[in-house]
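Each remark here refers to the structure printed beneath this line.
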Amino acid sequence: MKNERKIWLPLLIAFALAAGVLIGGKINFREAPQKLFSSNSKKEKLNRLIDYIDYEYVDDINTDSIVDVTVNEILEKLDPHSVYIPREDRQRVAENMQGDFVGIGVSFYMYKDTLAVIRTIEGGPSMEVGIVPGDRILYVDNDTLYGKDIRSNDLVKKLRGTSGTPVAVKVYRKSIDSLLTFTIERSKIPIRSVDAFYMLTDTLGYVKINRFAESTYKEFKEALHVLKRHGAKELVLDLRDNPGGYMGVAEEIVDEFLEEDKLILFTKNKKGEIRKTFATSRGDFEDGKVYVLINEKSASASEIIAGALQDNDKGVIVGRRSFGKGLVQREMALGDGSSVRLTVSRYYTPTGRSIQRSYDKGIDDYYHSFYERYYNGELTSADSIHVEDSLKFTTPKGKVVYGGGGIIPDVFIPLGSDLEEEALNYILQNGFLSYFVFEYLDKDRDLYEEYDEERFLREVTIGDDLIEAFVNYGMRNRGLIGVDFSRIDFSKYKDNLKKHIKATIAEQLYGSAAHVRILNSGDHAITKVVEISRSEEEE
């Protein structure tokens, strides 16, 4: 049994660490399409082959799928971050980076074979007409939304549409055992990229950003203004697990911390052209201390912020070495609804560092080297981080920093050394717990009716009986997650379990901010920042 654990636990952790990296950027080619894509014999050969298959091949075949495969194979030979976005995915990707979408304003998932409402979006159209958590949406404009063969993409298409258009929905409400009909007018629904902001101490504020979308800078500014009004003179900027997004948005956020004319970054393209970005005079937190939290899944725009602040001797970077993506993409539509995000330049931190990890040995090796961070011990010990002396740089105040693969933090926070607990954390964060909590709340939707968010955070405690119920639920439904619950001694991790259960209940009742605040309780990185902040105040 112990040998089996040694095998499956590291694999589970490594898999969890290999989250996909989002890439941002907008197409801005100066060349006319005719000039960029002038015909030549190589391109003609590919076009003629596709046409030949289309007209002469003995069997009917979808040549669009052949083109998709061809485009993907071409991009895979370039670099790990040049990607093809098929037509059916482009709208979803675009909405995620725009920061909003048009819909009915519910958070939901398929519970068994039915669309179940987890909660309604504050101020959204569903809340206004009376949709409540626990409602099962069965019909939309007389189209059936339940059944084993219903795909989530089909659900989304039926619920979304043009702003201002009505949609008739029929929902089953368990509490009154009735089928109810509502007419909902679709509207713009925000996709928040700032998960939470609040005060950690009387002078230390906290902001967590999950990605860099079009709306992120505005959300961040609003959060910063609120925190300053509450007395924030220092700020924790939590970019852990943030895979990136728009480079320009990251530049705007860095500008809030750096004095005028400080270099934020520079990019260099194929022609050797260099574009430098400098801070302006508009920063609202130039005199404040900033702590940036990063980990192995902080990438791209997250690394731009961490690198710019570190190289300008501004603040403290706390956590573990970041992902290591220093390539810049721009998006180009291909004319049929699909698009390509193509790497068009590299970016460099102010000292001249490229933090892009090598991909010379191919994409498979590129991601395998990421897994190796777990096996070589660098996630648990700063001494295991491999650096190259040839990639050593020095900041204006003499601090040594390194390029060649991510941002190395100033203060290292190790990943937990208990493999079993880290595997448990993966289980708790991958959605399985959400199903359990949904069922728990669905038994009695009035259970926390008298609590607002603040009172819930202060007063609600999780008992051992709920832990036992979760473990039993996991034993009955182990097929949903692919992990045998009997392999984990849950009695050793009661406090961790209670925290995650409470956080997930809060998320389904109140949203992501409450979820983040509960999980941050006892967080090692945040505890370390608070210690540093208080020690500097005493000095």
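Quick note: the coordinates plus some simple rules give every number you see, no bench work behind them. Please read all numbers here as calculations on a predicted model, not as lab measurements. So basically every Cβ, Gly included, is an ideal-geometry build from the backbone, and we count neighbours across all protein chains shown.
Brief remarks follow.
- Signed unit charges on C-beta, dipole axis of the chain, positive-most listed residue Leu78, Met247, Ser535: Leu78
- Of the two radii for the chain, the radius of gyration is 0.97 times the Kirkwood radius, both from the alpha carbons; that is the Rg over Rh value.
- Loop-resident sites, segment 336-431, for chymotrypsin sites (Phe, Trp or Tyr not before Pro), counting at most 10 other Cβ within 10 Å (DSSP): none
- DSSP-defined beta bridges in the chain - what % are antiparallel, rounded to 5: 75
- Cα-centred dipole magnitude for the chain, charges only on beta-carbon of K, R (+1) and D, E (-1), debye, nearest 20: 940
- Rounded Å value of the spacing that divides the Cα centres of segment 209-238 and segment 512-536: 16
- Square roots of 5 times each gyration tensor eigenvalue, C-alpha, segment 418-526, largest first, Å: 22, 17, 12
- The residue among Ile526, Met97, Tyr402 whose Cα reaches farthest toward the positive pole of the charge dipole of the chain, with charges on the beta-carbon of Lys, Arg, Asp and Glu, is Tyr402.
- Note on Ser300, Ser384: ascending count of other Cβ atoms within 10 Å places them as Ser384, Ser300, the fewest first.
- According to the Cα-based calculation, Rg over Rh for segment 200-243 is 1.00, with Rh computed by the Kirkwood formula.
- Residues Glu286, Glu56, Glu331, ranked from the fewest to the most other C-beta atoms within 10 Å, line up as Glu56, Glu286, Glu331.
- For Thr165, the shell of other residues with beta-carbons less than 14 Å away shows a net charge of +3, using +1 for Lys and Arg and -1 for Asp and Glu.
- Value at 222 nm in deg cm²/dmol, rounded to 500, when DSSP H runs of n ≥ 4 in the chain each add -39,500 (n - 2.57): -11500 deg cm²/dmol
- Proxy reagent accessibility, fewest Cβ within 10 Å first, across Phe197, Phe182: Phe182, Phe197
- Gyration tensor verdict on segment 171-220 (Cα atoms; rounded if a/c is under 1.5, prolate if a/b is larger than b/c, oblate otherwise): oblate
- Antiparallel content of DSSP bridges confined to segment 168-238, in %, to 5: 70
- Amide hydrogen neighbours beyond the local backbone of Leu235, cut-off 5 Å, H modeled: Gly205, Lys289, Val290, Tyr291
- Applied to segment 66-80, the Karplus parametrisation 6.51 cos²θ - 1.76 cosθ + 1.60 on θ = phi - 60° returns per-residue 3J(HN,Hα) values of 5, 4, 4, 4, 4, 4, 4, 5, 5, 5, 5, 7, 8, 7, x Hz, with x for Gly and Pro.
- When the inverse distances between all different Cα atoms of segment 222-359 are averaged and flipped, the Kirkwood radius reads 15.7 angstrom.
- Expressed as a whole percent, the proportion of Cα-Cα pairs in segment 33-96 lying more than 16 Å apart is 63%.
- Gyration tensor over the Cα atoms of segment 293-360: the corresponding equivalent ellipsoid has semi-axes (square roots of 5 times the eigenvalues, largest first) of 27, 13, 11 Å.
- Options Leu224, Ile191, Ile209, ranked by Cα towards positive dipole end of segment 165-224, top entry (Cβ charges): Ile191
- Relative contact order computed over the chain (Cα-Cα under 8 Å; 6+ residues apart), in percent: 14
- Its relative contact order, with pairs defined as Cα atoms under 8 Å and 6+ residues apart, puts segment 206-251 at 66 percent.
- Alpha-carbon radius of gyration plus Dmax, which is the widest Cα pair, for segment 101-190 in Å: 11.8, 32
- Scanning the chain for trypsin sites (Lys or Arg not before Pro) lying in DSSP loops with no more than 10 further Cβ atoms inside 10 Å, the longest uninterrupted stretch between such sites is 152-269.
- A Förster distance of 51 Å, applied to the separation of the beta-carbon atoms of Val400 and Asn142, puts the FRET efficiency at 0.15.
- In this label model, Asp446 and Asp113 are separated by 3.2 nm, measuring between points 7 Å along each Cα→Cβ vector.
- Structural descriptor for segment 101-190: relative contact order 34 percent, calculated from alpha carbon pairs under 8 angstrom and at least 6 residues apart.
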